[in-house]
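Step one of this worksheet: look at the structure below.
The values are calculated or read from the model by the stated rules, or taken from the named source; none is laboratory data. It should be emphasised that the depicted structure is a prediction, and the values quoted were computed from it without experimental measurement. Quick reminder, even Gly has a Cβ in these numbers, built from the backbone with ideal geometry, and neighbours come from all protein chains shown. Remember, those area values only see protein heavy atoms, side chains included, never the ligands or the DNA or RNA. Shrake-Rupley method; radii C 1.70, N 1.55, O 1.52, S 1.80 Å.
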Amino acid sequence: MFSVGCYLLFRPLAGLASLTLALAIYLFAEGVLELILSFRLRPMPGSGWLLFDGIITLILAVMIWRTWPSSTEWVIGTLVGISMLFSGISRLMLSLAARRLVAKLA
């Protein structure tokens, strides 16, 4: 771990490019897993929001991948912020749908 920190300290542009590529891989995996979860929860209300979030996350991952070497300076903050915004909205809507379902059953 110390060597990774030294690498980032002494070669910041290469480290930023590596972090951006790792972010694209992470967002792709997160998008695929959200799509799988949305199809598993399909009969439940609010699962469409997970599908929406999975599609948005996959689009963001592809955007990073296609513009990777040239977009390292701005992509981490901007697209991670967009991803967090859509993930938060989808989780909020899913929890509201679950609350309505529980209130209906009670």
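Table for the structure above
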read-out: Any pair with Cβ under 7 angstrom, 6 or more apart, that starts in region 1-29 at a residue that is more than 28 Å from T57 (Cα to Cα) and ends at one that is at pLDDT below 85; value: Y7/G15
read-out: Selection status of F28, modelled with pLDDT of 85 or more and out of contact with any Leu (no Cβ under 7 Å at 6 or more places or on another chain); value: no
read-out: Restricting region 40-55 to residues that are under 23 Å from I82 (Cα atoms) and either polar (S, T, N, Q) or open to solvent by 30 Å² or more (accessible area, probe 1.4 Å) (or both), the residue that is modelled with the lowest pLDDT; value: S47
read-out: Leading residue by the ranking (farthest from the chain's Cα centre (by Cα)) among those in region 59-85 that are more than 11 Å from T20 (Cα to Cα) and either surrounded by 18 or more Cβ atoms within 10 Å (Cβ to Cβ) or in contact (Cβ under 8 Å) with a residue 60 or more places away in the chain (or both); value: L60
read-out: Flag for L37 being more than 30 Å from L13 (Cα to Cα) and surrounded by 14 or more Cβ atoms within 10 Å (Cβ to Cβ); value: yes
read-out: G15 being open to solvent by less than 40 Å² (accessible area, probe 1.4 Å) and at pLDDT 85 or above; value: no
